[in-house]
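Below you'll find the structure, written out as structure tokens, and then a few comments.
Taken together, the values in this text are just the output of simple stated rules run on the coordinates, not laboratory data. Since we're looking at a predicted model, the values are computed, not measured. Here the Cβ positions follow ideal geometry from the backbone for every residue, glycine too, while neighbour counts run over all protein chains shown.
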Amino acid sequence: MYDLYIEHCTEKNLDPVKHSYYRHIFNTEFNLRFHRPNSDTCSKCDGFNNIIKNSDNAEKVNTAKVSQTVHHRKAEKARESKQNDSNVNKESTDTFVICFDLQQALPTPHITTSKVFYLRQLWTYNFCIHNLVTGKSDMYVWDETIASRGSQEIGSCLIHYITNAVPQNVTKIIAYSDSCGGQNKNKNIAKLFMYLVKATRIQEIHHKFLEPGHTFMEYDQDFGIIEKVKRKNPQVFVPEHWRQLIKSSCKKFTVHEMSKENFFSFSNLNNIISDPKKDTEKRAIKWREIQYFFFTKESERFCFFYKTSLDPEFPFNKCLCPGKAAGRPKLTLKDTFDQLNREFKNKRAEVEKFADSFGIRSSKIS
Ligand SMILES: [Zn+2]
């Protein structure tokens, strides 16, 4: 922290105070404490630090220092962007600012018996959409007998949220998520957002990603609250208990039970929107590097804008995705439950055996 302070003073051309004085001020003027981090550290930062501390190659060390500075600047810009978006929204009634993610899967049964380590458990999923202005969260809960946890499930929860939880006067959505390719940053979600700005009242969707490794978001606090209650309740026998537990964790949580009918297949979207491959400048779309997607009703065809930074000065690139079918889309998102939970079919017998041994009727898990 003192090193960062020295860096800050050098940047601002200020005379830094001595370490001892800095320490004295920190200890007496601020009510702040340090504790050992109990979650993951950033693997990119770990990699850079390793090279900087241990490599004899000066050129390599220099490159690592430059890359680390860029990485930290990107993380800082992303934090600033989220903060600014949350502030702007307080005066605006037509904009919703949210962040979303899936909680680590919850096992059923959740018990202290050692038997639990030898049998496969039934997973319950909880997808959280946290409103950055009100601090309230919508929790979408289902278990793997209902659906899996890929991009189509995430997209289906977002459809549910926009259709039922977002007020009619809201026409602009700013969403933050991490860059998980399987769930949040992929062509299915991009196509869904292209579709939503064309087919619903929503005029604009801004989907922004924090710098990997520095993705602390408000839903992490929500999941922390649930985990705390979970630790105090060592016994969960049916998925319904998870919904009750989440609901009782915090007054700011609204829990939605997701049924089979709430999940959609996005295969229909492929007829009207093609896979994004190259932008209008003929550059290949590098999904991993994208930090910002912008979707707007204004555009004449299915397209999106993207950039690799959350710096407002950074320009957007455009990508067109015209599909085979022309005209205004008329989409029926169909239910394809049978394809979605293929994974569960393989372990069904084992989960039922487990349930039987605890006297839980199999009907509870089917
Ligand atoms: Zn990092």
Which FRET efficiency value, to the nearest 0.05, do you get for residue 1 and residue 278 by plugging their Cβ-Cβ distance into 1/(1 + (r/R0)^6) with R0 = 35 Å? 0.20
So, with +1 on the Cβ of K and R and -1 on the Cβ of D and E, and no other charges, what is the size of the charge dipole of segment 141-272 about its Cα centre, to the nearest 20 debye? 200 debye
Interchain or long-range residues, amide H under 5 Å from residue 254's placed H: 137, 138, 139
Please rank 189, 205, 51, fewest neighbouring Cβ atoms within 10 Å first, as an exposure proxy. 51, 189, 205
Sticking with the crude label model, points 7 Å out along Cα→Cβ, report the distance from residue 32 to residue 352 in nm, one decimal please. 5.8 nm
Rounded, prolate or oblate: pick one for the chain, where a ≥ b ≥ c are the square roots of the eigenvalues of its C-alpha gyration tensor, a/c under 1.5 means rounded, and failing that, prolate if a/b is larger than b/c, else oblate. oblate
Taking the dipole of the chain about the Cα centre (Lys, Arg +1; Asp, Glu -1; charges at Cβ), the one of 52, 8, 287 that reaches farthest to the positive side is 287
Test item: Cα-centred dipole of the chain, Lys/Arg +1 and Asp/Glu -1 on Cβ, debye: 740 debye
A chain fully extended from residue 41 to residue 14 at 0.36 nm per residue, minus the present Cα-Cα distance, gains in nm 6.6 nm
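At 0.36 nm per residue, and after removing the present C-alpha to C-alpha distance, how many nm does the segment from residue 203 to residue 300 gain when stretched out fully?
Working: separation 97, 0.36 × 97 = 34.92 nm, distance 1.29 nm.
Additional length available on full extension: 33.6 nm.
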Using a Förster distance of 22 Å, how high is the FRET efficiency between residue 316 and residue 186, based on the Cβ-Cβ distance and rounded to 0.05? 0.65
Under the Cβ-under-4.7 Å rule, which cysteines of the chain stay unpaired? 9, 99, 128, 157, 180, 250, 303, 319, 321
Simple label model, 7 Å out from Cα along Cβ direction - residue 248 to residue 235, nm: 1.2 nm
What list of ³J(HN,Hα) values in whole Hz, one per residue of segment 181-197 in order, does the Karplus curve 6.51 cos²θ - 1.76 cosθ + 1.60 (θ = phi - 60°) give from phi, with Gly and Pro shown as x? x, x, 10, 10, 10, 7, 5, 5, 5, 4, 5, 4, 5, 4, 5, 4, 6
Inter-label distance, nm, simple model (7 Å from Cα along the C-beta direction), residue 76/residue 62: 2.2 nm
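Let me have the 222 nm mean residue ellipticity of the chain computed from DSSP H runs of 4+ only, each contributing -39500 (n - 2.57), with the sum over all residues rounded to the nearest 500.
About -12000 deg cm²/dmol.
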